[in-house]
Amino acid sequence: MALNFPWIFTRDAAVWPLVQSTALPAFAALSVSGVMEISEGILLIGKPADNVFLLRSMVTTLLLVNVALQTSHHMSWGLSGVWWALVGFYLLRAVQPVSHIIRHTLQARVDEIPDAH
């Protein structure tokens, strides 16, 4: 909608190009947010060690996004750079818990395999 109908979001025609430039990263961020929320929720109801992992991954993600925003500022990427940093934030928040869940699920299945003795 923002690409084809920017006037829905603002009546100021001078702002329409900015609205259109944020459409793709906004869609990408929203596409990832569901996976992010579900994977973090799974970790929150898990073992206490999962909460420690979640805390570490959040701190790491915030540090990396801070670097991305500072880079965006110094490179003069503007509003589009901020939105792409948000996409990176959501991607990192989704990938880290999902990889943790997959790794521990596979390890649990390997541990269930009886020894071949």
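The values are calculated or read from the model by the stated rules, or taken from the named source; none is laboratory data. What you see is a predicted model; the values in this text were computed from it and never measured. Every residue, glycine as well, gets a Cβ built from its backbone with ideal geometry; the counts of neighbours run over all protein chains shown. Protein only, heavy atoms only, side chains kept; ligands, DNA and RNA dropped before computing areas. Shrake-Rupley method; radii C 1.70, N 1.55, O 1.52, S 1.80 Å.
Structure values in brief
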{"quantity": "Pairwise centroid distance, computed over Cα atoms, of the stretch 66-117 with the stretch 9-41, Å", "calculated": "19"}
{"quantity": "Heavy atoms of LEU86 accessible to a 1.4 Å probe, total area in Å² rounded to 10", "calculated": "60"}
{"quantity": "For the chain, size of Cβ-based charge dipole, Lys and Arg +1, Asp and Glu -1, in debye", "calculated": "260"}
{"quantity": "Kirkwood-based shape ratio for the stretch 58-117, expressed as Rg/Rh from alpha carbons", "calculated": "1.34"}
{"quantity": "Dipole axis of the chain (+1 Lys, Arg; -1 Asp, Glu on Cβ), positive-most option in MET58, ILE102, LEU86", "calculated": "LEU86"}
{"quantity": "Fraction of accessible area attributable to carbon and sulfur, the stretch 1-80 (%, probe 1.4 Å)", "calculated": "71"}
{"quantity": "Relative contact order %, the chain, counting alpha carbon pairs below 8 Å whose residues are six or more apart", "calculated": "31"}
{"quantity": "Globularity index of the chain, i.e. its alpha-carbon radius of gyration over 2.2 N^0.38 Å", "calculated": "1.45"}
{"quantity": "Additional length obtainable on full extension of the chain from ARG109 to LEU18, 0.36 nm per residue less Cα span", "calculated": "27.8 nm"}
{"quantity": "Pairwise Cα inverse-distance average, inverted: Kirkwood Rh of the stretch 1-48 (Å)", "calculated": "12.8"}
{"quantity": "Residue-averaged 222 nm ellipticity for the chain, from DSSP H runs of 4+ at -39500 (n - 2.57), nearest 500", "calculated": "-27000 deg cm²/dmol"}
